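Remarks on the structure that follows.
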Amino acid sequence: MSTLEIKGKILDKQMVLGTFLMELDTPGIAQILKNAGLEFVVLDMEHGGFDINTIKKMARYCKGADLLSIVRVPVGQYHYVARALDAGAKGIIVPMTETAEQISDVVQFAKYYPHGKRGTAFGIAHDDYRVSEVTQTMQQANAETLVVPLIESAKGIENLEEIIQVDGVDLIWVGHFDLSQTLGIPGQFKHPLFVDAMEHLIQTCKKYNKPCGRLVPNIQEAMYWREKGFSCISYGSDISILYQTVHQFVTQIMK
């Protein structure tokens, strides 16, 4: 399945599963995750510390495995957004999106004319080092590229209705830990303030027929949020999956 087809599934709100990569950048990791049944990975430049050269490698590994690569940039500035896409990533997640103007700028950075003002450099990594007809290349890139605001603050929730209507926004992602923190209830995910914020996000996505995604730590949480309307779900990260699996083994054997 091509990355464009995976994006199509996301936009159609079909269930699409992935994970975050923060530490592991080995050549085989994308194929391992694809063989396990995942369809996307988020390459983390915000908290994971991947630099642009790592993103370039990982995007190539993901393409070889038909795995959709999305980069969580540190901040939604042009030189992060455009460089990640030029390196071969197929999507951008923008931390702390709080206004429509903020994500509208990112759409401009991520899309070529006539939908944006992304700088043009062809025949490089994002083009598979192949020179093609320019108009077709730009159209295909615009069609493939995902723009994802990360809603993780009280202000983001407050302005969600304006954010979600920005042309070019494909998917709404919630950052649950930071959201709880900005609500003054860090880690209290059953608190009425957090529950109300999540319900507002879910209902707003339904109103505008927009898919919503989030990270979950386990199968039970995944099932719960799937029932609530989330169709794009990340199962933890490379760190948490490796830790949990080894920790479970050790605790069971050492009883």
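Values quoted throughout were computed directly from the atomic coordinates according to the rules given, and no laboratory measurement underlies them. Model, not experiment: these values are computed from the prediction. Cβ sites come from the backbone with ideal geometry, for glycine too, and all protein chains shown count toward neighbours.
Label zone (Ala154, point 7 Å along Cα-to-C-beta; backbone nitrogen cut-off 17 Å) within the stretch 191-215: 191-201.
With Cα atoms defining each centre, the stretch 42-97 and the stretch 220-250 are spaced 21 Å apart in the structure.
In a fully extended conformation the segment linking Thr135 and Glu161 would gain 6.0 nm over its present Cα-Cα distance, using 0.36 nm per residue.
Quick one: if the Förster radius is 35 Å, what FRET efficiency do Tyr208 and Thr251 give, using the C-beta to C-beta distance and rounding to 0.05? E(calc), rounded to 0.05, equals 0.20. Loop-located trypsin sites (Lys or Arg not before Pro) across the stretch 175-246 with a Cβ neighbour count of 11 or fewer within 10 Å are Lys190, with loop assigned by DSSP. With R₀ set to 35 Å, the beta-carbon distance separating Thr54 from Ile219 gives a calculated FRET efficiency near 0.75.
Each Cα pair under 8 Å and six or more residues apart adds its separation to the average, and for the chain the resulting relative contact order is 19 percent. Checking Cβ-Cβ separations below 4.7 Å across the chain identifies Cys62, Cys232 as cysteines lacking any candidate disulfide partner. Once the Cα-Cα distance is subtracted from the 0.36 nm per residue extended length, the Thr99 to Phe122 segment shows a gain of 5.1 nm. A straight Cα-to-Cα reach below 28 Å connects Lys206 with the lysines Lys7, Lys9, Lys13, Lys90, Lys111, Lys155, Lys190, Lys228, residues fewer than 8 places away in its own chain not being considered. Taking every DSSP beta bridge that has both ends in the chain, the antiparallel portion is near 0%. Can you bin the stretch 27-154 into rounded, prolate or oblate? Criterion: square roots of the alpha carbon gyration tensor eigenvalues sorted a ≥ b ≥ c, rounded for a/c under 1.5, prolate for a/b above b/c, oblate for the rest. The shape class here is oblate.
Fully extending the segment from Leu4 to His79 would add 24.6 nm, taking 0.36 nm per residue of separation and subtracting the current Cα-Cα distance. Note on Asp66 and Lys228: with the Förster distance fixed at 30 Å, the Cβ-Cβ geometry gives a FRET efficiency of about 0.55.
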